[in-house]
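Some notes on the structure that comes next.
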Amino acid sequence: MQFLTVTEICVINRMICNKARHNSNIEYVTLSPTRIDKLSVLVDTTPTDETCIDIATYYMKYIILLQCFSDGNHRTALESVRLFFHKNNIDFKWNPKYVVKYQQDIYRLRYKIYNTYEELSTYILNEPHNKLWKYCRNCIDINLSE
């Protein structure tokens, strides 16, 4: 199985930032430097004995929760899932009709579970699966089946 690297995830976020510079309809605010330290922990602790879908869910959930980037964390998470599947020869595309809904639902669910929208510590990588995990997994399942 091919896993994501820190560099690949950073490139995705940089592409989102660059698109925003050229398109005023895309929002991206640069306020803080990328948290490479947290991103490295995420990559280093990627579960290697799980299914592709579970690993994709891991990337999606924790890129969002760790908030390693100044902006675009949800978008980076979604594109990271797509890249992970691509690297593993699995045809996967997000249905654009639902992407904004996924982002909004995850945003609300994140606040409900963690009581914050702020970045979380890497300790969160050790928590058991919860409603946010299940929601991310369901989003991936729906798009894989389409």
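Every read-out reported here was derived from the displayed coordinates using simple, explicitly stated rules and does not represent laboratory data. All values derive from a computational prediction rather than experimental measurement. Positions of Cβ are generated from backbone atoms using ideal geometry, with glycine treated the same way; all protein chains shown enter the neighbour counts.
Just one of the numbered conditions (1) out of contact with any Leu (no Cβ under 7 Å at 6 or more places or on another chain); (2) closer than 15 Å to Asp141 by Cβ is not true of Asp71: (2). If you go through segment 133-146 and keep only what is farther than 14 Å from Ala56 by Cβ and surrounded by 14 or more Cβ atoms within 10 Å (Cβ to Cβ), you end up with nothing. Condition check for Tyr62 on (1) over 23 Å from Tyr114 (Cβ atoms); (2) crowded, with 18+ Cβ neighbours inside 10 Å: one failure, at (1). Going through segment 16-56 one residue at a time, which ones are more than 18 Å from Tyr123 (Cα to Cα) and touching a residue at least 60 places away in the same chain (Cβ under 8 Å)? Once the filter is applied, which keeps residues that are more than 18 Å from Tyr123 (Cα to Cα) and touching a residue at least 60 places away in the same chain (Cβ under 8 Å), segment 16-56 yields Ile16, Ile53, Asp54, Ala56.
Taking (1) in contact with a Cys (Cβ under 9 Å, 6 or more places away or on another chain); (2) loosely packed, with under 12 Cβ neighbours inside 10 Å in turn, Pro96 satisfies each apart from (1). Asn89 falls short on exactly one of the conditions (1) of a type outside the set (Ser, Thr, Tyr); (2) surrounded by fewer than 16 Cβ atoms within 10 Å (Cβ to Cβ); (3) in contact with a helix residue (DSSP H, G or I) (Cβ under 7 Å, 6 or more places away or on another chain), and that condition is (3).
Taking segment 57-146 as the region of interest, none of the helices (runs of 4 or more DSSP H) fully inside it holds 3 or more residues being without any contact (Cβ under 8 Å) to a residue 12 or more places away in the chain and closer than 22 Å to Phe3 by Cβ.
Does segment 6-16 hold any residues that are farther than 15 Å from Leu78 by Cβ and surrounded by 14 or more Cβ atoms within 10 Å (Cβ to Cβ), and which are they? If the condition is that a residue be farther than 15 Å from Leu78 by Cβ and surrounded by 14 or more Cβ atoms within 10 Å (Cβ to Cβ), then Val6, Cys10, Arg14 are the ones that fit.
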